[in-house]
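Data first, discussion second: the structure below is written as structure tokens.
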Amino acid sequence: MASIIEKRVCAEIEGPFVLFLIGIRINRPWKVSSWLPTFMAMGPMIAELSRRPELGLLHNRTHFGFPATMLVQYWRSVDHLQAYATARDELHLPAWQRFNKAVGSNGDVGIWHETYEIAPGQYENVYNNMPAFGLGRAGTIMDATGPRARADGRRAAQISGG
């Protein structure tokens with residue numbers, strides 16, 4: 001279990017970054033042959049990205065649910081994300097092609113994603129009595145004291161570098 005940080009902290013990341021949300025929704029649970037391969041494809045991709053930090057994934061967390069599951073991912077840049085998504089020698093593109101061939105738009109399983117480019121000063125966060133979590137796993141943990149004690153100060157500190 002991750003170690004609890006027993007104080008109020010915040011997280012920062014150097015420069016801009018990307019928040020990428022991606023998910024699957026099982027629309028027809030009895031159509032296991034449609035959704036199981038789609039669901040199972042993500043684990044190997046995350047393993048590949050974890051082994052190769054140069055591909056740009058900074059951190060990810062899966063939120064399991066039914067009928068939908070979502071992954072929250074932090075990426076270094078949109079360029080990194082797009083390069084991985086379209087690389088013929090990585091796992092994503094062949095999985096995407098298999099999905100389109102096997103499922104396409106037949107309604108059995110839904111997939112979605114949202115991409116957000118985030119610049120310094122355009123986000124803020126705070127954690128209290130939590131292990132490193134979310135952006136705190138992708139970036140750097142800082143004490144949420146002094147100028148970082150309030151949301152506006154946390155945003156300003158990102159811009160000033162202080």
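Scan the range 92-113 and give yes if some residue there is touching a Ser or Thr at 6+ places or on another chain (Cβ under 8 Å) and of a type in the set (S, T, N, Q), otherwise no.
yes
Return the residues of the range 69-87 that are over 18 Å from Gly134 (Cβ atoms), outside any helix (DSSP H, G or I) and touching a residue at least 12 places away in the same chain (Cβ under 8 Å); say none if nothing qualifies.
Hit for the range 69-87 is Ser77, nothing else.
Working carefully through the options Ala132, Ala156, find the one that is assigned to a loop (DSSP other than H, G, I, E, B), out of contact with any Cys (no Cβ under 7 Å at 6 or more places or on another chain) and not assigned by TED's automatic domain parsing to the domain that holds Gln73.
Ala132
Return the pairs, sorted by first residue and then second, in which the second residue is among the hydrophobic types (A, V, I, L, M, F, W, C) and outside any helix (DSSP H, G or I), the first residue lies in the range 92-114 and is closer than 20 Å to Leu81 by Cα and without any contact (Cβ under 8 Å) to a residue 40 or more places away in the chain, the beta carbons are less than 8 Å apart, and the residues are 6+ apart or on different chains.
Partner pairs satisfying both residue conditions: Leu93/Ala87.
Cβ contacts < 7 Å: first residue surrounded by 12 or more Cβ atoms within 10 Å (Cβ to Cβ), restricted to the range 118-129; second residue of a type in the set (Phe, Trp, Tyr) and outside any loop (DSSP other than H, G, I, E, B), any location; separation 6+ or different chain. Result?
Qualifying pairs under 7 Å: Ile118/Phe17.
Quick check, is Glu90 part of a strand (DSSP E or B), out of contact with any Cys (no Cβ under 7 Å at 6 or more places or on another chain) and either of a type in the set (Asp, Glu) or more than 20 Å from Phe20 (Cα to Cα) (or both)?
no
Is it the case that the range 143-157 has a residue that's within 30 Å of Arg28 (Cα to Cα) and among the acidic types (Asp, Glu)?
no
The values are calculated or read from the model by the stated rules, or taken from the named source; none is laboratory data. All figures in this text were calculated on a predicted structure; none of them were measured in a lab. For neighbour counting, all protein chains shown are included, and Cβ atoms are generated from backbone atoms with ideal geometry for every residue, glycine included.
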